1. Check off (1) more than 14 Å from the chain's Cα centre (by Cα); (2) in a strand (DSSP E or B) for ALA70 and give me the number that stays unchecked.
2. Does LEU133 meet the test of being assigned to a strand (DSSP E or B) and over 12 Å from the mean Cα position of the chain (by Cα)?
3. So, in the stretch 48-61, how many residues would count as being without any contact (Cβ under 8 Å) to a residue 24 or more places away in the chain and assigned to a strand (DSSP E or B)?
4. Got at least one residue in the stretch 108-117 being assigned to a strand (DSSP E or B), assigned by TED's automatic domain parsing to the domain that holds PRO72 and more than 21 Å from SER38 (Cα to Cα)?
5. Does GLN86 meet the test of being of a type outside the set (Lys, Arg) and at positive phi?
6. Out of PHE52, PHE21, report the one residue that is surrounded by fewer than 15 Cβ atoms within 10 Å (Cβ to Cβ), out of contact with any helix residue (DSSP H, G or I) (no Cβ under 7 Å at 6 or more places or on another chain), modelled with pLDDT under 85 and closer than 20 Å to ARG150 by Cα.
7. Go through the residues of the stretch 73-84 one by one and say whether even a single one is crowded, with 17+ Cβ neighbours inside 10 Å and under 20 Å from LEU133 (Cα atoms).
Amino acid sequence: MTTHNFSTRILKMGALMASCFLMPIAMANSPVGQWHTSDEKTGELKSVVIIFEQQGVLKGRVEKILRKDADPAAKCDKCSDDRKNQPVVGLEIIRGAKKASGKNVWEDGEILDPENGRTYALRLTPIENGAKLEVRGSFGPIGRTQTWVRVP
């Protein structure tokens, strides 16, 4: 093996190791990942939502329903757009969120509440070093904020 090949391998290994250590830091600054949602009144886990980035825009879908009394085959019968009568599991509930310039906030998207079929303006803010995510849905000046917890 030549010195050049050995040096190249060492550099590649170093870059790989660095990316392994930096990945959690990058995730802490992003809503991308898997999140547990919970009932605001009881604290019971409701679902797992996966948020992913596609062409610079965040999207999110329901990966799993966790409530023990929920119908795993439930459909969004109250939705009024292309999601009408689609299964809740796999349903895209987050669309169009983009990172705000100079901030650790994603906004200008929408979030769907599959229970009532309504969509709301969306703002996502990672908190507690990315362990939690503030999810704000609003309609004009009125809205509510939920805190989702990152799935380990």
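1. (2)
2. When the stated conditions are applied, LEU133 does not pass them.
3. As a first pass, look at the stretch 48-61 and keep what is without any contact (Cβ under 8 Å) to a residue 24 or more places away in the chain: 50, 52-55.
From the residues that got through so far, the ones that are assigned to a strand (DSSP E or B) too are 50, 52-54.
Count: 4.
4. Of all residues in the stretch 108-117, those assigned to a strand (DSSP E or B) come to 108-113.
Narrowing the set further to residues that are assigned by TED's automatic domain parsing to the domain that holds PRO72 leaves 108-113.
Now narrow it down to the ones that are more than 21 Å from SER38 (Cα to Cα): 108-109.
So far as the stretch 108-117 goes, yes, one or more of its residues are assigned to a strand (DSSP E or B), assigned by TED's automatic domain parsing to the domain that holds PRO72 and more than 21 Å from SER38 (Cα to Cα).
5. In short, no.
6. Working: PHE52 fails: modelled with pLDDT under 85.
Of the residues listed, the single one that is surrounded by fewer than 15 Cβ atoms within 10 Å (Cβ to Cβ), out of contact with any helix residue (DSSP H, G or I) (no Cβ under 7 Å at 6 or more places or on another chain), modelled with pLDDT under 85 and closer than 20 Å to ARG150 by Cα is PHE21.
7. No, the stretch 73-84 contains no residue that is crowded, with 17+ Cβ neighbours inside 10 Å and under 20 Å from LEU133 (Cα atoms).
To keep it simple, each residue is scored yes or no on (1) at negative phi; (2) at pLDDT 95 or above; (3) part of a strand (DSSP E or B).
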| site | (1), (2), (3) |
| --- | --- |
| GLY90 | no, yes, no |
| ARG95 | yes, yes, yes |
| SER101 | yes, no, no |
| ALA121 | yes, yes, yes |
| LEU124 | yes, yes, yes |
| SER138 | yes, yes, yes |
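The values are calculated or read from the model by the stated rules, or taken from the named source; none is laboratory data. What you see is a predicted model; the values in this text were computed from it and never measured. Every residue, glycine among them, receives a Cβ derived from its backbone with ideal geometry; neighbour counts consider all protein chains shown.
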